[in-house]
Amino acid sequence: MTAIEVQSVTKSFGPVVAVDAISFRIAKGSTTALLGGNGAGKTTTLSMLLGLLIPTSGDITVLGEDMVRHRYRVLPRLNFSSPYVDLPHRLTVRQNLTVFGHLYHVPRLKDRIAELAEELELSEFIDRPLGKLSAGQKTRVALAKALLNAPDLLLLDEPTASLDPDTADWVRGYFQDYQARTGATIVLASHNMTEVERMCDCVLMMKRGSIVDQGAPRDLIARYGRDTMEEVFLDIARNRQSPEVKTSETKS
Amino acid sequence: MSPRRIGGLCLRHLYILKGSWPRLLEMAYWPTINVVMWGFTSRFFAQHSSWVADAGGILIGAVLLWDVMFRGNLGVALSFLEEMWSRNLGHLSVSPLRPMELVAAMLCMSFVRTLIGVLPATLIAIPLYHYSIFDLGLPLIAFWVNLMVSGWAMGLLVSSLVLRFGLGAESLAWVLIFAVAPLAGIYYPISTLPEILQVVAWALPPAHVFEGMRSIMLGHGLRTDLLVSAMALNAAYLVLGSVVFLRVWQGARIRGALLNVGE
C-alpha cells in the first residue's frame with residue numbers, strides 16, 4: 001500500500017531548479033526521512049507534499065488523492081509540524097488547540113484536547129500563553145497540534161531541532177509509539193542522523209534537488225561500508241566514496 | 001465553506017481581543033478622538049456656515065461613517081497581518097481551511113472590529129453634541145453596510161499586497177485608504193471636485209453613500225438611486241478584491257511564500 005507517490009516532480013524558481021525530476025514512493029505505515037545538506041531540496045519537497053507549493057511539473061499523489069488538484073480532500077487526514085512555523089504566541093495552549101481543532105473538525109474537541117494534554121504532559125501549562133513556554137514545552141504543543149486530528153500522515157520538518165537530548169529522545173519515542181498504535185505514515189526532514197537511524201525504515205538522500213540514493217538506514221550503511229548514517233551522509237555530501245563502494249566499482 | 005472552520009478562525013482573533021485591553025482601547029480610541037475633535041469643529045462651523053447649521057451633525061455623521069469604512073478596511077487587513085506577524089500562515093495553509101473561508105473569517109472579524117471601534121464614538125456624540133447618527137433611521141444600516149463592504153474590498157487588496165510583497169508593505173493597511181478619502185466626498189459634495197475627478201469619484205461606492213447621507217440630512221430624503229449604485233459598485237469591488245486575494249494566494253503557492261512568511 002502506497003501513502004505517497006511522487007512522479008517526475010520538478011520545482012523551479014525562475015532559473016533555479018530546486019527539485020529536479022524526483023520520483024519516489026512511500027509505503028503506508030512507514031517512517032521515511034528526507035536527508036540532505038542545506039539547499040538539497042528537502043523543504044521544497046516537503047512543501048510540495050503538503051500542497052503548499054505547486055510543482056512546476058510532475059504528479060504527487062498523497063493518500064490516493066492528487067495533491068495539486070484535490071488537496072482539500074486529503075488535508076483533513078494529514079498534519080504538519082515545523083520549528084520554523086509558529087503557532088500564535090499570545091494564545092494559550094488550550095486556545096491554540098481549540099482553534100486548530102475547529103479547523104480540522106475534530107469531534108469531541110474538549111475531550112481530545114484533554115487526552116492530548118495528558119499524553120503529552122501539557123496540563124501544567126495548558127492555560128499559559130505559548131510565548132511564555134520553553135522550547136521543549138513549545139515543541140510538545142506543536143506536537144499536540146500535529147496530532148489533534150489523529151492524522152494518517154504526519155509530515156515533520158526537523159522535529160527535534162533545538163531540543164535538548166532528553167526532550168528530543170522523548171519526542172522520538174512518542175512518534176514511534178504513535179505510529180505503532182495508529183499505523184500512521186511519517187515523513188520527516190532531518191539533519192539528525194541518530195534520529196534517522198533510530199526512527200526510519202527508509203531514507204531518501206537528496207543533493208542539489210535530486211534523489212541520489214535511497215534505502216533502509218542499515219542497507220545504506222552497509223552499502224557505503226560505514227558504521228553510521230552520519231558517515232554515509234558525509235560521503236554523499238562531499239562526493240567522498242567509502243572503501244567498500246570504491247572496491248565494488250573497481251570490481252565492475 | 002465550513003461555518004465551523006470560519007468560526008474557529010474568528011475565535012483565534014477573539015481570544016486575542018479578549019486577552020488584550022490595550023487592543024480594545026486602541027480600536028475605540030481614534031474614532032472617539034475624531035468625533036470629539038470634529039464635534040467642536042462642527043459646533044464652530046454651525047455658527048459661521050448656514051450649510052452646516054442647516055444639517056445639524058452633518059460633519060459628525062460623516063466622520064462616523066468614514067470611520068466605518070476605515071475600520072472595515074483595517075479590520076480585514078489586521079486579521080491577515082496578525083497571521084503574518086505570528087508566522088502562523090504556514091499552519092493555516094496546511095490545515096483544511098480554504099482560502100475563501102480565510103476571507104470569510106477576515107470579513108467577520110472586520111465587522112466585529114468595526115463595531116468595537118465605532119460604537120463608542122457613536123454613543124459619545126449623543127451626550128456631547130446632541131447628535132445621534134441613529135436619527136438617520138433605517139438608511140443608516142444601508143450606509144453602514146455599504147461603507148463596510150467598501151472597506152472590505154480595500155482590506156482584501158491591502159492583504160493581497162502584503163502577501164505578494166511581504167511585511168514591508170504593511171503600512172499600506174493604514175494609508176492606502178486615504179487615497180480614496182478626497183474622492184469619497186466625505187465632508188463636501190462631489191460637485192465640489194473638478195469635473196475629471198467627479199468621474200473618478202462616481203466610480204467609487206463611498207461617494208454615493210456620503211452623497212446619500214447628505215441628501216437625508218439636508219432634508220431631501222432617501223436617494224434610492226445612490227443606494228442602488230453604491231450596492232452594485234460594492235458588489236463589483238468586493239468580487240474584485242476577493243479574486244485578487246485568491247489569485248495572489250495561488251501565486252504564493254507557486255512562489256513558495258506561504259511557509260516562510262513573516263517578519
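Can we say B:M69 is assigned to a helix (DSSP H, G or I), away from chain A (no Cβ under 14 Å) and aliphatic (A, V, I, L, M)?
Judged against the criteria, B:M69 is a match.
Across region A:110-133, which residue is surrounded by the fewest Cβ atoms within 10 Å (Cβ to Cβ) among those that are within 13 Å of chain B (Cβ to nearest Cβ) and in a loop (DSSP other than H, G, I, E, B)?
The qualifying residue surrounded by the fewest Cβ atoms within 10 Å (Cβ to Cβ) is A:D127.
Taking the condition of being within 28 Å of B:M27 (Cα to Cα) and assigned to a helix (DSSP H, G or I), how many residues in region B:174-200 meet it?
Adding up the residues that qualify gives 10.
Output the number of residues of region A:28-54 satisfying the condition of being within 18 Å of A:M199 (Cα to Cα) and part of a loop (DSSP other than H, G, I, E, B).
Selection size over region A:28-54: 4.
Against the condition within 14 Å of chain A (Cβ to nearest Cβ), in contact (Cβ under 8 Å) with a residue 24 or more places away in the chain and not hydrophobic (A, V, I, L, M, F, W, C), how does B:R87 come out, does it pass? Lay out the reasoning, then the answer.
Numbers: within 14 Å of chain A (Cβ to nearest Cβ): yes; in contact (Cβ under 8 Å) with a residue 24 or more places away in the chain: yes; not hydrophobic (A, V, I, L, M, F, W, C): yes.
Taking the combined requirement at face value, the residue satisfies it.
Only residues that are assigned to a helix (DSSP H, G or I) and closer than 22 Å to A:H102 by Cβ: list them for region B:9-22, please.
B:L9, B:C10, B:L11, B:R12, B:H13, B:L14, B:Y15, B:I16, B:L17, B:K18, listed by residue number.
Consider B:M217 carefully, then state whether it is of a type outside the set (G, A, S) and in contact with a Lys or Arg (Cβ under 9 Å, 6 or more places away or on another chain).
no
Tell me the residue from A:P76, A:P107, A:P88 that is crowded, with 16+ Cβ neighbours inside 10 Å, within 14 Å of another protein chain (Cβ to nearest Cβ) and assigned to a loop (DSSP other than H, G, I, E, B), please.
A:P88
Can you confirm whether region A:144-154 contains a residue that is within 14 Å of another protein chain (Cβ to nearest Cβ), surrounded by 15 or more Cβ atoms within 10 Å (Cβ to Cβ), among the aliphatic types (A, V, I, L, M) and under 15 Å from A:T32 (Cα atoms)?
yes
For region A:18-27, state whether one or more residues are in a helix (DSSP H, G or I) and under 17 Å from the mean Cα position of the chain (by Cα). First the steps, then the outcome.
Start the filter on region A:18-27 by keeping residues that are in a helix (DSSP H, G or I), which leaves none.
There is no residue in region A:18-27 that is in a helix (DSSP H, G or I) and under 17 Å from the mean Cα position of the chain (by Cα).
Hey, does region A:39-51 have a residue that's buried (at least 23 other Cβ atoms within 10 Å of the Cβ), free of Cβ contacts under 8 Å to residues at least 24 places away in the same chain and within 12 Å of another protein chain (Cβ to nearest Cβ)?
yes
Among what's in region B:1-35 and is away from every other protein chain (no Cβ under 12 Å) and touching a Pro at 6+ places or on another chain (Cβ under 7 Å), pick the residue that is modelled with the highest pLDDT.
Result: B:T32.
The conditions are (1) polar (S, T, N, Q); (2) over 15 Å from B:A252 (Cβ atoms); (3) within 14 Å of chain A (Cβ to nearest Cβ); (4) touching a Pro at 6+ places or on another chain (Cβ under 8 Å), and B:S150 fails exactly one of them. Which is it?
(3)
Quick check: anything in region A:121-133 without any contact (Cβ under 8 Å) to a residue 24 or more places away in the chain, at positive phi and assigned by TED's automatic domain parsing to the domain that holds A:G64? Outline the logic, then answer.
Our first condition is that a residue be without any contact (Cβ under 8 Å) to a residue 24 or more places away in the chain; within region A:121-133, this holds for A:121, A:123-124, A:132.
Checking which are at positive phi leaves us with A:121.
Subset that is assigned by TED's automatic domain parsing to the domain that holds A:G64: A:121.
Checked against the condition, which is being without any contact (Cβ under 8 Å) to a residue 24 or more places away in the chain, at positive phi and assigned by TED's automatic domain parsing to the domain that holds A:G64, region A:121-133 yields at least one hit.
Determine whether B:I196 is in contact with a Leu (Cβ under 9 Å, 6 or more places away or on another chain) and at pLDDT 90 or above.
The answer is no for B:I196.
The values are calculated or read from the model by the stated rules, or taken from the named source; none is laboratory data. It should be emphasised that the depicted structure is a prediction, and the values quoted were computed from it without experimental measurement. When we count neighbours, we look across all protein chains shown, and the Cβ atoms used for this are built from the backbone with ideal geometry, even at glycine.
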